[in-house]
Amino acid sequence: MNHPSHLLPLLVAGPLLGAALLVACGSRLPRAAAEPVGCAVSAATAALAIHLALQSSPPLVEWVGDWVPRDGVSVGIVLVGDGPALGMAALASLLTLAALAYSWRYFDEPPRRHTGSYPALMLLFQGGMCGFAIAGDLFNAFVFFELMSVVAYALTGHRVEEARAVQGALTFGVVNSLGAYALLMGIVLLYARTGELAMTQIGRRLDAYGPPDALVLAAFVLVLTGFLVKAAAVPFHFWLPDAHAVAPTPVCMLLSGVMVELGVYGVWRVYGDVFAGPGGIPAADLHRALLVLGVLTSVVGAVMCWYQRHIKRLLAYSTVAHTGLFLIGVGVLTPAADGGVALYILGHAGVKAALFACTGIVLDRYGSVDEHALHGRGRELRGVAVLFLVGALGLAGLPPFGTALGKALTEEAAGPALTVLFVLVSTVTAGAVLRVAARVFFGLGPRPEEHAAYETTGAGERPETRRRLKRVPDTMSAVPALLLAASLAVGVAPGFAAAVEHSVSEAGSAGAFTSAHWTLAGVLLGLTSTLLAVALAALAVTRREGLPGGAWAGPLRRLQSGHIGDYVAWLLAGAALLGALTLPGVING
Amino acid sequence: MMSVLPYLVAVWIFLAGCYGLATSRNLIHAVGCLAVCQAATYVLLIAVGYRDGATAPVHSDIEPGSRPLVDPVVQALALTDVVVGATVTALLLALILQISKRHGTVDPDELSELRG
């Protein structure tokens, strides 16, 4: 009875109960009591996730309420706790804890009688993400997907008095909900064909049914559309910069650090469990689809990142670019690449969350996140400057950060042509962040000239604390430092990389074991992209008139119109593109 | 032909909702269109569970096993789906209320704070 798999439902139930408690007692609790409760619940869940992850070989499977399948037919709810699932749950929980600790002194004093609402929403978000990570059947994956989405819309629009925040939250809500409905239609089609909802059972029934036909293809395209909207793959990505630029900073840490990556995880999980067999989608088709979308995503993300002056928006586009790289890594379809992507996601989460945390400090001190307006003003924030700089170098993939190790392993698996893309994308995104660091914290180069352009400036953003910060609270500077240290630990902790790689290949369908370690080529590639990023940033700060190639990127920037109708049209076009990319194998199969 | 019709209806409803979303000039109308898209998932769910000559899966007045039943699983899923839809619609409408207060408009063409 004491099998660890019985503890799996607690990963969801714990945060949900904590949230319910906070909402119920929130009106009577002072803020100083509500937030520690939130931190304690999310820390306990994180500890449980890590505890279970250490015992996840062989994978834990729990049929909730003991509704085990009979004669191969299942009607119950199944939770699967293998390495990647519990790893994502642990990452989500740890980042929630970091975000809650960061927001200790952050928001305005919440209105009386609502002290519990913000930590309660964060706990709901955590519960939704953990549930999505460990869901073993598709319908529950959809329900948790919707839970984390809805909470994310609410958190994005948390500061309802901000005009931009409510607009970004609405765009986020409409586009993601539409994606979720596409996902649900795909799930229903799979249920119609197989009569099953548990992922592995669906996969087995599809294989028994025979080669894929139009229905399997339609289901695949619809399910992937849902996950790719969440993963912000081009052309489904338009909601992400609008939402990330306006969400409160602690929420940005979660959105960029783990929620978007859960979309990539969903693609990986569903392909491996449902569509990888002979009755699913041929590997060559998935490879083609993910490669095309991944390359598009990373290039568009990197170009758009380079031309931003709104610092949070710049970081959001860098997330888009990196998600493209993750998709390419998943599309390579080898255990080594999957392990590399897992390490890359872990390293990236720490670095990106730390960069957002530093940006939040700047926002609360100066009331702006505009690169041009802040020129040279951050000189007095020595500690934050160092953290921001280290974060930028980590984003570039400076060894021995976890990002560098993950990137090197993925590059090795993806081949030389894609390696060039990986180096270029990490160079451009990190170059943009370094440029911001050089201008804001060191006042290098001339102040850029102002000219009206089709862009969102970072002016007019309101600080998220009650009054502008005179000195940086310890929690707000300790959190990014710890996140960066964690990202570093992913790369250097002995045995950690090998353990991640082992658990990912055990959970994947391939079952082949590889060993993850630093190689000379990987270290040199990481150093190359770091040096190129520094050179690029140096080139940018010495120029007074605009950034090179600005006219060329104009049409691309005009696509990001902030208009919900445009984004929906792009979503449909993206689904059609996905169908076209996957079609050949189904016709020939 | 009759067996394919509900599926075609579901596709048509979904695309009609998407068309409405893409061309909407009013955010409240857009959220209505999103609800239309979701209605397509209800139709699809119920169509998948339908069986000829079967009755509702409620055993209060019929002997278990005496008559075929439609699939109760999809009906449970449809109920969950309705709950999800209600939550999403309520939240989005609340956000539109705030947009109307802050921007003074609910026309998506006039919202130009976020671009580029």
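Kindly indicate the residue of region B:22-35 that is without any contact (Cβ under 8 Å) to a residue 60 or more places away in the chain, within 20 Å of residue B:85 (Cα to Cα) and facing another protein chain (nearest Cβ under 10 Å) and also nearest to the chain's Cα centre (by Cα) among those meeting that condition.
Going through the qualifying residues, I end up with B:35.
Taking only region A:439-462 into account, find how many residues are more than 19 Å from residue A:552 (Cα to Cα), aliphatic (A, V, I, L, M) and either surrounded by fewer than 24 Cβ atoms within 10 Å (Cβ to Cβ) or without any contact (Cβ under 8 Å) to a residue 24 or more places away in the chain (or both).
Residues in region A:439-462 being more than 19 Å from residue A:552 (Cα to Cα), aliphatic (A, V, I, L, M) and either surrounded by fewer than 24 Cβ atoms within 10 Å (Cβ to Cβ) or without any contact (Cβ under 8 Å) to a residue 24 or more places away in the chain (or both): 2 in total.
Hey, can you tell me all the residues within region B:103-113 that are within 9 Å of chain A (Cβ to nearest Cβ) and either in a loop (DSSP other than H, G, I, E, B) or more than 29 Å from residue A:556 (Cα to Cα) (or both)?
B:111, B:112, B:113
Run residue A:114 past the list (1) assigned by TED's automatic domain parsing to the domain that holds residue A:248; (2) in contact (Cβ under 8 Å) with a residue 60 or more places away in the chain; (3) of a type outside the set (Phe, Trp, Tyr); (4) not in a helix (DSSP H, G or I) and report the number of the one that doesn't hold.
(1)
Within region A:199-226, track down each residue that is within 13 Å of another protein chain (Cβ to nearest Cβ), in contact with a Phe, Trp or Tyr (Cβ under 9 Å, 6 or more places away or on another chain) and of a type in the set (Gly, Ala, Ser).
A:219, A:226
Considering region A:120-151 alone, what residues qualify as being polar (S, T, N, Q) and either within 13 Å of chain B (Cβ to nearest Cβ) or assigned to a loop (DSSP other than H, G, I, E, B) (or both)?
Matches in region A:120-151: A:140, A:149.
If you scan region B:32-74, which residues turn out to be closer than 14 Å to residue B:10 by Cα and among the β-branched types (Val, Ile, Thr)?
B:36, B:41, B:43, B:46, B:48
Per-residue answers, yes or no, for (1) over 24 Å from residue A:435 (Cβ atoms); (2) within 14 Å of another protein chain (Cβ to nearest Cβ); (3) at pLDDT 85 or above; (4) surrounded by 18 or more Cβ atoms within 10 Å (Cβ to Cβ):
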| position | (1), (2), (3), (4) |
| --- | --- |
| A:523 | yes, no, yes, no |
| A:533 | no, no, yes, yes |
| A:547 | no, yes, no, no |
| A:558 | no, yes, yes, no |
| A:570 | yes, yes, yes, yes |
| A:574 | yes, yes, yes, yes |
| A:581 | yes, no, yes, yes |
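Looking for whichever is touching a helix residue (DSSP H, G or I) at 6+ places or on another chain (Cβ under 7 Å), aliphatic (A, V, I, L, M) and more than 8 Å from chain B (Cβ to nearest Cβ) here; the options are A:154, A:165. Which one fits?
A:165
Scan region B:76-99 for residues that are facing chain A (nearest Cβ under 7 Å) and over 14 Å from residue B:42 (Cα atoms) and jot them down.
Selection gives B:87, B:88, B:91, B:92, B:95, B:96, B:98, B:99.
Tell me which residues, restricted to region A:168-190, are hydroxyl-bearing (Ser, Thr, Tyr) and more than 7 Å from chain B (Cβ to nearest Cβ).
Within region A:168-190, just A:171 meets the criteria.
Matching residues to (1) part of a helix (DSSP H, G or I); (2) buried (at least 17 other Cβ atoms within 10 Å of the Cβ); (3) more than 10 Å from chain A (Cβ to nearest Cβ):
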site: B:37; (1), (2), (3): yes, yes, no
site: B:74; (1), (2), (3): yes, yes, no
site: B:101; (1), (2), (3): yes, no, no
site: B:115; (1), (2), (3): no, yes, no
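Do you know which residues across region A:302-331 are hydroxyl-bearing (Ser, Thr, Tyr) and assigned to a helix (DSSP H, G or I)?
If the condition is that a residue be hydroxyl-bearing (Ser, Thr, Tyr) and assigned to a helix (DSSP H, G or I), then A:317, A:318, A:319, A:323 are the ones that fit.
Restricted to region B:11-21, and to residues that are over 10 Å from the mean Cα position of the chain (by Cα) and buried (at least 18 other Cβ atoms within 10 Å of the Cβ), which residue is farthest from the other protein chains (Cβ to nearest Cβ)?
Selected residue: B:20.
Mind checking which residues of region A:237-262 are within 14 Å of residue A:349 (Cα to Cα) and of a type outside the set (S, T, N, Q)?
Passing the criteria: A:250, A:251, A:252, A:253, A:254, A:255, A:257, A:258, A:259, A:260, A:261, A:262.
For region A:496-517, state whether one or more residues are within 18 Å of residue A:404 (Cβ to Cβ), surrounded by fewer than 18 Cβ atoms within 10 Å (Cβ to Cβ) and either modelled with pLDDT under 85 or polar (S, T, N, Q) (or both).
yes
Being in a loop (DSSP other than H, G, I, E, B) and either loosely packed, with under 13 Cβ neighbours inside 10 Å or within 14 Å of another protein chain (Cβ to nearest Cβ) (or both) is the filter here, so list the residues in region A:463-492 that pass it.
A:466, A:467, A:468, A:470, A:471
Going residue by residue through region B:53-66, is there one that turns out to be within 13 Å of chain A (Cβ to nearest Cβ), more than 21 Å from the chain's Cα centre (by Cα) and either within 20 Å of residue A:191 (Cα to Cα) or surrounded by 13 or more Cβ atoms within 10 Å (Cβ to Cβ) (or both)?
Yes, because at least one residue in region B:53-66 is within 13 Å of chain A (Cβ to nearest Cβ), more than 21 Å from the chain's Cα centre (by Cα) and either within 20 Å of residue A:191 (Cα to Cα) or surrounded by 13 or more Cβ atoms within 10 Å (Cβ to Cβ) (or both).
Given the conditions (1) part of a helix (DSSP H, G or I); (2) outside the structural domain of residue A:426 (by TED's automatic domain parsing), which single one is not true for residue A:299?
(2)
Assuming residue A:227 fulfils every condition listed in (1) among the hydrophobic types (A, V, I, L, M, F, W, C); (2) surrounded by fewer than 24 Cβ atoms within 10 Å (Cβ to Cβ); (3) at pLDDT 95 or above apart from one, which condition is it?
(2)
Can you list the helices (runs of 4 or more DSSP H) found entirely within region A:1-110 that contain at least 2 residues being surrounded by fewer than 21 Cβ atoms within 10 Å (Cβ to Cβ) and outside the structural domain of residue A:206 (by TED's automatic domain parsing)?
Output list reads A:10-25, A:31-54.
Hey, could you check region A:227-261 for residues that are away from every other protein chain (no Cβ under 14 Å), β-branched (Val, Ile, Thr) and under 13 Å from the mean Cα position of the chain (by Cα) and say which is nearest to residue A:456 (Cα to Cα)?
A:251
The values are calculated or read from the model by the stated rules, or taken from the named source; none is laboratory data. All of these numbers come straight from a predicted model, not from anything done at the bench. FYI the Cβ positions are ideal-geometry reconstructions off the backbone, even for glycines, and counts take in every protein chain you see.
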